[in-house]
Structure formats: C-alpha cells, structure tokens
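The values are calculated or read from the model by the stated rules, or taken from the named source; none is laboratory data. For clarity, every value in this text was computed on a predicted model and none was experimentally measured. Backbone-built Cβ (ideal geometry, glycine too); neighbour counts: all protein chains shown.
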Amino acid sequence: MEEDCTGDSPANSFVETVIDFVQRCLLGILSVGPIPSHIAFIMDGNRRYEKTHNLSYGMGHRAGYVALMNLLKYCYRLGVKYVTVYAFSIDNFKRPPEEVQNLMQLLQEKIESLLKAESIVHKYGIRVHFIGNLKLLDESVRLAAEKAMKATACHNKAVLSICIAYTSTNEVLHAVQVSCRGACSVAQSTNGSIEGVGFGMEKQENQIISLVDIEKRMYMAVAPDPDIVIRSSGETRLSNFLLWQTGCSILHTTAALWPEVGLGHLVWATSSCHPSSPSSKLALMPLVRNSPERQR
C-alpha cells in the first residue's frame, strides 16, 4: 500500500505517470540480466527514523510499512519470486511491555490489511507465510496470521515470508527437536514389534537424524536460500536472521534507515551483487557491500 501524498490535479497525475514510467524503465533495464530468485530484508532503523524526524510515537514503524509495501511491489515487478522480511525478533519481546503491545497491535492491523481485496498480495498473486514461533504471539495476532496464510494459500505467482517471533537459533532448535521426536517415534514403533530384542546396528541407524531431516523441518523450508540479504541502517550483522540459510548469500548494507529505503537501493543492491559478477563467485562466505551513501 503506497502512501498517497498527492492530490488529483492534472499536474500531480502527470508527475505520477512520469515517476511510474521511470520506475518501469529502471526495472526493465535490471531485468535484462539474471534476476535473484530470493531477496531477504532486515528492516532496521524505524525507531531512529522516528526520532530523527521528530515523529509521534509509532509513526516510524508505520513509515517502515509503507516502504515495505513499495519494495514488495518493485521486487515482484522485477520478477523476484521469493521475498523474506525480518519483522519481529523473539528478542524484541525483551523491550518495554508497552512498546511490545503497540507493535503487536500494529502487526495485527497490517496483517489484516493484507486480506483486503485491493492489497498487494491479491494484486500480484502472492502467497504469504508467517515464519517463527507463532505461539509466542498474542492470540489475536496469531489468528490474523493464520487467516492471512489460509486466504493466500491458493496464490502461486510469488511468496512472501514474514518472520515474526523468530530467531535463527530458535528455528534450528525447533527443527532438531521435531526431527528427534520423529526418530524416537520410529524407534519406539520398531521396538514394539520385536519383543525382547535389544537395539542392533540396523535400529541405531534408523535413529540417526540426517541433514535433510533437519532442513525439511526448518520454518524456512517454504523457500530456497536467499541470494541477497539487504540490511538498512548501515549495520553489517545478521542479528540471528536466517543463519542456517545464508552461508552463500551476499549481504548488502545501506546507510539509509528502513523507511528511507526505496527503488534506488534495490536497484543498487541487485546490480552490484549481480549473480554473474566475479565478486559473487568468491569463497563460500557472505560478501558485504555498502551503498555509496553518507554514513550515519
């Protein structure tokens, strides 16, 4: 949902038409080369943006939501099929209760807005997944998330994964625990059918948890590993986000705060981190690139 800051005058309509034309040209040029299949965003800097611009409480996150909707539109116009965003970490629950409650209310409001017929998910045929330990959320937020996932389950043109109540360590722990329970269940079932026989080598092998077992039980099993991780506010860390999935991803950072991130940043990130560029074929480790902007 784009923020409507213009009137209905012919001049404003002309400006909007020109801006849309320029955007389409930029995306068209970029789409000539290989397009990333999956882009992940770490949305950092909403509160700093709010303080910098002397906005009222909560307006920084609302501005961040507008930026997200615009970036989603650009990504899907470009042909990026998978987009993942880091919306709310489990660690965020450690913030003051009032702030957490306000964020929960905002989450519920924006999740419910995705259900509207005119929303971006219906316009572009996007299937929505909410990734994380959803049991930690307020019931109203969890129910809204489940409703959104159900409402978009038939969409197949693109996938949006929203990480809430998420950390990578919790994701790995969850996957290992579920894998262990599955292995134990198989072992107990086999035990019950063979009376009085101890564990042999064959039974022990049935209990081994493979890499495939863990990966298919990851929350992020719904999408391939990200090609690019874009982080705002100049930070170069992943902050416990997709640690398992980003061993070969490129980390692109920009000094812009999240609400300031727009089409230009996306174009710079995808072009400078082009899959065919020599720099992206270096060692299997994240490559940090910084946008040529002023440092904050």
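Details
- Selection within segment 119-151 - under 17 Å from Tyr219 (Cβ atoms) and outside any strand (DSSP E or B): Gly132, Asn133, Leu134, Lys135, Leu136, Leu137, Val141, Arg142, Ala145, Glu146, Ala148, Met149
- Yes/no for Lys73 being at pLDDT 95 or above and among the basic types (Lys, Arg): no
- Inclusion of Thr246 among residues that are part of a loop (DSSP other than H, G, I, E, B) and farther than 24 Å from Gly60 by Cα is warranted.
- Meets criteria (of a type in the set (Asp, Glu) and in contact (Cβ under 8 Å) with a residue 40 or more places away in the chain) for Asp138: no
- Criterion violated by His155 - all others in (1) of a type outside the set (Asp, Glu); (2) crowded, with 22+ Cβ neighbours inside 10 Å; (3) out of contact with any Leu (no Cβ under 7 Å at 6 or more places or on another chain) satisfied: (2)
- Listed by first and then second residue, the pairs linking a residue in segment 254-274 that is crowded, with 19+ Cβ neighbours inside 10 Å to a residue that is at pLDDT below 90 and among the basic types (Lys, Arg), with Cβ atoms under 8 Å apart and 6 or more places separating them unless they lie on different chains, are Leu257/Arg296; Ala269/Arg289; Cys273/Arg289.
- Of all residues in segment 35-59, those being buried (at least 20 other Cβ atoms within 10 Å of the Cβ) and either over 28 Å from Met220 (Cα atoms) or out of contact with any Pro (no Cβ under 8 Å at 6 or more places or on another chain) (or both) number 6.
- Checked against the criteria, Arg237 counts as under 20 Å from Ser89 (Cβ atoms), at pLDDT below 95, of a type in the set (D, E, K, R) and within 16 Å of the chain's Cα centre (by Cα).
- Which listed residue, of Ala67, Ala87, is in a strand (DSSP E or B) and touching a residue at least 12 places away in the same chain (Cβ under 8 Å): Ala87
- Sole residue being within 16 Å of Leu72 (Cβ to Cβ), at pLDDT 95 or above and surrounded by 14 or more Cβ atoms within 10 Å (Cβ to Cβ), chosen from Ile90, Ile111: Ile111
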